[in-house]
Every structure is written in structure tokens, then in C-alpha cells.
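> First the structure, which I've put down as C-alpha cells, then a few questions once you've had a look.
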Amino acid sequence: MAAFVCGNLSAQAQIVAPEHLSDTHTMLRVNPTQRFLLIPVEEKEDNAHIDVICNNHIVKSFNVRLAVDKVDYCVPLDIQRLRNGENEKLLLDITFHGDRHKTGSVKNFVCWKDLKLSDSFDKTNREQYRPAYHHTPAYAWMNDPNGMFYKDGVWHLYFQYNPYGSQWENMTWGHSISTDLIHWTQQPDAIEMDALGQIFSGSAVVDKNNTAGFGKDAIIAMYTSAGQHQTQSIAYSTDGGKTFTKYAGNPVLTFAAPDFRDPKVFWHEGTQRWIVVLAVGQEVQFYSSKNLKEWKYESSFGHGYGNHDGVWECPDLLEMSNGENEKKSNSWVLLLNINPGGPFGGSATQYFTGMFDGHQFVCDSKPETTKWMDYGKDHYATVSFSNAPENRKVALAWMSNWQYANQVPTKQFRSANSVPRDLKLFRDGDENYLASIPSPEMMAARGQQIKKPTNTCEIVVDVKGSASIVLSNKKGEQVVMNYDEADRTFTMDRTQSGLTDFSDAFPVETKAPTHGVIRQLRIFVDRCSIEAFDSEGKMVMTNLVFPTEPYTQVKVKGGKAKVFEIKN
């Protein structure tokens with residue numbers, strides 16, 4: 001696997017020699033004559049802590065796995081913007097926490113000879129498993145989607161991001177934008193760590209009526225500050241979400257619980273107030289506010305309902321039309337992500353249907369009922385865009401699983417988002433269920449029909465009764481999908497899909513109820529993932545796969561397949 005290198009050596013200058021003060025402490029003096037300090041990373045090592053000091057003040061702190069024996073890749077530190085004046089130098093105060101008896105003398109670490117200054121950072125993709133039409137960061141780690149909103153023709157996606165490595169750490173809000181939900185352009189980081197802690201998940205809204213006093217149509221982000229305790233903070237943007245200013249009165253909401261996070265804010269028309277729903281251990285809490293700064297507790301939900309095998313995270317509450325004309329007949333859907341406790345281990349998205357009056361949520365299912373939004377192994381942290389056009393409910397998920405997210409076989413980046421899904425309600429028997437339909441933008445991305453599958457394609461299968469679909473390559477690696485009409489189930493087996501040995505939890509067969517008869521399947525293939533949809537969205541299954549070469553054959557029994565390219 002090719003990792004990305006530390007840059008063009010001819011364009012760089014060697015850093016001043018480090019001052020090793022002890023087995024756990026090193027200092028570096030840096031004159032920022034160029035924009036970036038390229039930091040060598042070795043993923044198997046323990047984190048070192050770096051304080052960047054300018055004029056005797058700490059201007060940035062972060063953790064990074066500095067290379068000891070070999071360099072897996074480099075990450076950039078933008079040093080030009082960290083100093084206050086042109087002539088100021090920076091001091092990097094580095095503390096190591098690893099066992100020196102195992103790693104040897106600090107002065108012999110390979111990181112010192114590969115620390116370089118450069119005016120550029122090479123983001124050219126070197127990964128065979130980087131998706132072509134799913135959002136990924138240009139480099140480094142990503143997990144939960146955050147703060148998603150639509151405004152002036154642009155979809156804004158923020159995300160949990162570690163700029164200093166391809167494993168979880170240093171939580172920051174990364175930022176990407178798109179005009180079609182398919183092609184994304186990464187922007188500068190939006191919200192960075194501060195004295196209150198790392199920046200965990202949250203949401204963003206368009207304050208159309210200036211309720212918060214930051215200006216009409218200001219973008220207000222509410223997020224979890226993860227310090228000694230998890231508290232809720234806000235930041236505002238007056239340039240359409242490009243840059244944010246943190247509110248001086250943070251935190252705006254606190255609660256005495258170890259898990260109190262992931263605020264999802266929305267405007268409740270009936271009570272003319274903002275509502276925020278927060279994950280608190282194994283329940284959610286609802287608060288209301290007129291100005292996004294002062295919050296009043298309303299109620300909680302969750303005790304005895306659904307799956308409680310893990311911590312509840314990343315909630316979302318959506319008002320959904322059930323097809324009736326009168327607004328009073330609308331239903332609500334509460335999305336609740338859980339880790340662990342998923343139907344096939346690890347993380348997953350459950351949901352509840354019911355009513356919300358601006359004060360409390362009342363579920364319309366029995367407490368013991370558990371409903372899963374997606375029956376694959378790799379669909380988590382699902383949340384929706386606010387202010388979406390035509391009142392659409394458009395959702396994205398993090399396409400991974402906490403059981404192996406840090407170990408998947410990529411280095412330059414880790415993790416992608418699912419394809420966008422438009423959410424609808426449907427009824428099966430006495431229950432309301434949530435349908436996830438590939439957003440119309442995915443149909444717009446469909447290209448010409450082609451003869452064989454490629455590593456970036458859509459396969460449409462018209463089925464007649466039970467069907468079997470086998471996607472394979474010349475090496476015999478395969479993914480087997482089976483639809484059982486009598487049993488009303490759909491399965492996907494990835495145990496022989498390619499690389500699977502990076503985690504014992506990865507080789508698995510996943511199984512979903514179909515909630516009726518399937519007539520057509522839409523299967524999206526993109527280098528490291530397969531997402532299978534019943535064309536009506538009643539069955540959805542998302543799984544990562546890592547074939548050593550692309551799947552180029554599809555065999556169908558009980559149906560007929562058409563393969564379409566995806567336009568990039």
C-alpha cells in the first residue's frame with residue numbers, strides 16, 4: 001500500500017537540530033520561512049504531545065504519532081498562520097508518553113531527519129481504496145458528519161477530523177462543500193480545539209430571523225466541547241459557513257453526566273423556538289431556546305425503548321410527512337446512533353417513530369421494538385442536512401464501524417461518507433418505518449450502460465422472486481447477495497470479499513428484512529464499498545469491501561442485471 005511521502009525534498013529546508021532534554025522531552029526551534037512543517041507519522045507508535053509556542057504563549061496543542069522506526073506518511077502543520085509577527089520564531093515543545101525501553105533513545109528517532117519545511121503539501125491520491133463518488137477527506141482521519149446545512153445552492157458538510165494523522169485524535173471540524181452531493185471540495189478547517197476541549201459532533205442552522213443576534217442568515221453551529229466534561233458551545237459564521245467565531249459566553253449548556261454530547265438543533269414551528277436534542281448516556285434530552293444561547297430543559301426519552309447495548313450518540317429529530325394532506329397527521333423520526341450494539345456488532349443507526357409537540361417525544365412502537373436504519377455493518381452517525389430545499393430530508397452516514405475503523409487498509413486517509421439518502425416514511429403492518437432512497441443526485445450521476453462492473457459503478461438488478469447476485473474478480477474474491485422472497489430477507493456475505501484479516505470483526509454476512517417484495521435492487525459499488533438498496537428504499541445495506549483488484553464479473557440467478565458507469 002502506498003503511503004504519501006513527505007514532499008519534494010528539493011523544495012524543502014532541514015529543520016534546526018532538536019534539543020533533546022530527556023528521554024521524554026524534546027524542543028525544536030522553527031523559523032517559519034515556508035508555510036508548512038511536514039511531520040513524519042508512524043501509526044503503531046504512541047502519541048507524542050506538541051505545544052506550539054510563539055512569544056511565550058501556546059498558540060496550538062495537538063497529539064501526533066511521531067515516527068520512531070519508519071515513516072508511514074507525513075501531515076502538514078500550517079506554521080505561517082501560528083505566529084503573530086513576520087519575524088517571530090516558533091518553539092515546538094514535544095513530550096513523549098511511550099515506553100523508551102521499547103523504542104530506544106529519543107535522539108535516534110527517524111522523525112528528526114524527516115521533519116521538513118515546505119511551501120506545499122502533496123495531497124495527490126495514492127490510495128487504491130479511495131472512493132470516486134463518496135466524500136472523503138483529502139488526507140487524514142474522518143468520522144461523524146457534523147453541522148450539515150444547505151444554503152444558496154451549496155451543501156455544507158462538516159466532519160469530525162484529525163488533521164495530524166489517519167487515526168482518531170485531535171477532534172476538529174473539517175469542512176467540504178458540494179453543489180450536487182456527489183463532488184466535494186475540501187475547505188480549510190472550520191472549528192478547532194480550544195481551552196474548553198476538543199470539538200466533538202454537533203449541528204448547524206441558518207438563523208434566518210437573527211434570533212441569536214449575530215446577524216440575519218448567520219450560520220450558528222452548536223457542538224460539544226470535550227474537555228474535562230462534555231459541554232455544549234456555539235460558534236457563528238457571517239460568511240456563509242467558511243469561518244466561525246466562537247461565542248464568548250461558551251459553554252451555553254452543561255449537565256452533570258459523563259456522556260452529554262452531539263447536539264442536533266432545529267426550529268420548531270409550533271412553539272416558535274429552537275429545539276436541541278442531545279445524547280446523554282442511554283437516553284436523549286430535549287431543550288428549548290429562543291436565542292440559541294439560553295436553554296431550558298423540556299424532557300427526556302429512551303428509558304426502556306429500543307437497543308441499549310451501547311452508548312447512544314448523534315441524535316436527530318425529523319418531522320416527516322406520512323402522505324396525508326393535513327400537517328397535524330405528520331409523524332416524527334428520532335434517529336439514534338449506538339455503539340456498540342449494532343445488529344452485526346459494533347456501531348449502527350437505530351430509529352424511533354412517533355410524535356413531538358415541542359416538549360416531549362412519544363414513541364408509537366412498543367418499548368421492546370428496535371428498528372435499524374441500515375442493516376449493513378458500516379453505517380453510523382447518520383444525521384440530516386438542515387435547511388434542505390423543498391423540505392427534503394437528506395441524510396449522510398459515516399461509512400465505517402468502530403470495531404475496525406482505525407485499522408482499515410488505507411493510510412493517506414481513513415473513512416468515507418455514504419451516498420446521500422432521501423428519507424421517507426412507509427407502513428408495514430401496524431408499524432411506521434423509515435425508507436432510505438438514493439438521493440435524486442445519484443440518478444443524475446448515472447452514466448452510460450456498460451458491459452461489465454467496474455470499481456465505480458451502479459448495478460441495477462430486476463428480480464423475479466428469489467434471486468442471487470455474485471460480484472467477483474479474477475482472483476476469486478467475491479461478495480454474495482441473496483434475496484429470499486418467501487422469507488422476505490436480503491443478505492450480503494463479504495467473508496471472501498478481499499482483504500479481511502485486519503480485524504476479526506470484519507468477515508461477516510449481514511441480513512435485513514425487506515418489508516415486502518423486492519422488484520428491483522440498486523447496488524452502488526465504489527472501490528471500497530457496496531451499498532444495496534431496494535429501489536423503494538425499504539431495505540438498505542451498507543458494507544465496506546477491500547478487493548485486491550476490482551470486481552469485474554456479476555452473475556445473477558433469478559433476475560437480470562444492468563451495469564451503469566458513475567460520472568465523476
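The values are calculated or read from the model by the stated rules, or taken from the named source; none is laboratory data. These figures come from a predicted structure and were not determined experimentally. Cβ atoms come from the backbone with ideal geometry, glycine included; neighbour counts cover every protein chain shown. Note: accessible area is taken over every heavy atom of the protein model, side chains too, but ligands, DNA and RNA are not part of it. Shrake-Rupley method; radii C 1.70, N 1.55, O 1.52, S 1.80 Å.
> Please work out the Cα center distance from the stretch 200-214 to the stretch 69-110, rounded to the nearest Å.
Going from one Cα centre to the other spans 37 Å.
> While we're looking at this one, here's another question. Where a ≥ b ≥ c are the square roots of the eigenvalues of the C-alpha gyration tensor, would you call the stretch 66-190 rounded, which needs a/c under 1.5, or, failing that, prolate if a/b is larger than b/c, or oblate? Could the numbers behind the result be given before it?
On the way: a/c = 2.28, a/b = 1.69, b/c = 1.35.
Prolate shape, in that a/c is at least 1.5 and a/b is the bigger ratio.
> Enter the accessible area per residue of the chain (Å², integer; probe 1.4 Å; all protein chains in place). Walk me through the numbers before you get to the answer.
On the way: 22670 Å² over 568 residues.
Heavy-atom SASA per residue in the chain reads 40 Å².
> Measure off, as a whole percent, the carbon and sulfur share of the 1.4 Å-probe accessible area of the chain, all protein chains present.
Working: 10480 of 22670 Å².
Answer for the chain is 46 percent, counting heavy atoms of protein chains only.
> Right, here's the next one. Fully extended, how many nm does the chain gain between Asp69 and Phe426 (0.36 nm per residue separation, minus their Cα-Cα distance)? Write down the numbers at each step before the final one.
Numbers: separation 357, 0.36 × 357 = 128.52 nm, distance 5.59 nm.
Once the chain is fully extended between Asp69 and Phe426, it gains 122.9 nm.
> Sticking with this structure for a sec: Near the amide H of Lys116, under 5 Å away, which other amide H atoms are found, from residues 5 or more places off or on another chain, if H is placed in the peptide plane?
It is Leu38, by chain and number.
> So what are the ³J(HN,Hα) numbers for the stretch 32-48, from phi and the Karplus equation (6.51, -1.76, 1.60; θ = phi - 60°), rounded to whole Hz, Gly and Pro as x?
x, 6, 10, 6, 10, 9, 8, 9, x, 10, 10, 5, 6, 7, 6, 5, 9
> At 222 nm, what helix-only mean residue ellipticity would the chain give, in deg cm²/dmol to the nearest 500, using -39500 (n - 2.57) for each DSSP H run of four or more? Mind showing how you got there, number by number?
Numbers: 3 runs with 13 residues, N = 568.
Counting only the DSSP helices, I get -500 deg cm²/dmol.
> Find the centroid of the Cα atoms in the stretch 36-51 and in the stretch 391-435, then give the distance between the two in whole Å.
31 Å
> Could you tell me which of rounded, prolate or oblate describes the stretch 135-254, using a ≥ b ≥ c as the square roots of the eigenvalues of the alpha-carbon gyration tensor, with rounded for a/c under 1.5 and, failing that, prolate when a/b is larger than b/c and oblate otherwise? Could the numbers behind the result be given before it?
On the way: a/c = 2.23, a/b = 1.03, b/c = 2.16.
In terms of gyration-tensor shape, oblate.
> Give me the percent relative contact order of the stretch 432-568, please, defined on Cα pairs under 8 angstrom at least 6 residues apart. Walk me through the numbers before you get to the answer.
Details: 324 pairs, mean separation 53.8, N = 137.
Here the relative contact order equals 39 percent.
> Counting only residues 5 or more places away or on other chains, whose amide H sits under 5 Å from the amide H of Tyr73 once H atoms are built in the peptide plane?
Correct list: Val41.
> Hey, can you grab everything whose amide H is under 5 Å from the amide H of Ser299? Only 5+ residues off in sequence or another chain; H modelled, so Pro and N-termini drop out.
For Ser299, the qualifying residues are Phe286.
> Do the alpha carbons of any pairs in Lys208/Lys293; Lys538/Lys562; Lys60/Lys264; Lys451/Lys475 sit beyond 26 Å of each other, and which pairs? Numbers along the way, then the final one.
Values: Lys208/Lys293 16 Å; Lys538/Lys562 21 Å; Lys60/Lys264 28 Å; Lys451/Lys475 20 Å.
The answer is Lys60/Lys264.
> Residue-wise, which Karplus ³J(HN,Hα) couplings in Hz belong to the stretch 64-69, taking 6.51 cos²θ - 1.76 cosθ + 1.60, θ = phi - 60°, and x for glycine or proline?
With coefficients 6.51, -1.76 and 1.60, one gets 8, 8, 4, 5, 9, 10 Hz.
> Could you work out how far apart the two model spin labels at Thr243 and Ser535 are, taking each label as a point 7 Å from the Cα in the direction of the beta carbon, and quote it in nm?
Computed distance between label sites Thr243 and Ser535 equals 5.0 nm.
> Classify the chain as rounded, prolate or oblate, taking a ≥ b ≥ c as the square roots of the eigenvalues of its Cα gyration tensor: rounded when a/c is under 1.5, otherwise prolate if a/b is larger than b/c and oblate if not.
Details: a/c = 1.94, a/b = 1.26, b/c = 1.53.
It comes out oblate by the Cα gyration axes.
> At most 14 other Cβ atoms within 10 Å and a DSSP loop assignment: could you name the trypsin sites (Lys or Arg not before Pro) in the stretch 21-82 that fit?
Numbers: sites: Arg29, Arg35, Lys44, Lys60, Arg65, Lys70, Arg81; in loops: Arg35, Lys44, Arg65, Lys70.
Those satisfying the criteria are Lys44, Lys70.
> Mind ranking 399-407, 196-204 by how tightly packed they are, going by the mean number of other C-beta atoms within 10 angstrom, highest first? Present the calculation step by step, with values, prior to reporting the outcome.
Values: 399-407: 21.9, 196-204: 24.7.
Ranking, from highest mean packing down: 196-204, 399-407.
> Still on this model: Quick one: Karplus J couplings for the stretch 396-412, per residue in order, coefficients 6.51, -1.76, 1.60, θ = phi - 60°, nearest Hz, x for Gly and Pro?
Values per residue, Gly and Pro as x: 10, 10, 7, 8, 6, 8, 5, 5, 8, 4, 7, 10, 4, x, 9, 10, 4 Hz.
> Something else: When the dipole is taken about the Cα centre of the stretch 438-554, and only Lys, Arg (+1) and Asp, Glu (-1) are charged at their Cβ, what size is it in debye, to the nearest 20? Write out the running numbers ahead of the final one.
Values: 13 positive and 16 negative charges, 79 e Å.
Computed about the Cα centre, the dipole is about 380 debye.
> Using DSSP to call loops (not H, G, I, E or B), can you name the trypsin sites (Lys or Arg not before Pro) in the stretch 507-568 whose Cβ has at most 14 other Cβ atoms within 10 angstrom?
On the way: sites: Lys511, Arg519, Arg522, Arg527, Lys538, Lys555, Lys557, Lys560, Lys562, Lys567; in loops: Arg519, Arg527, Lys538, Lys567.
Answer in residue order: Arg519, Lys567.
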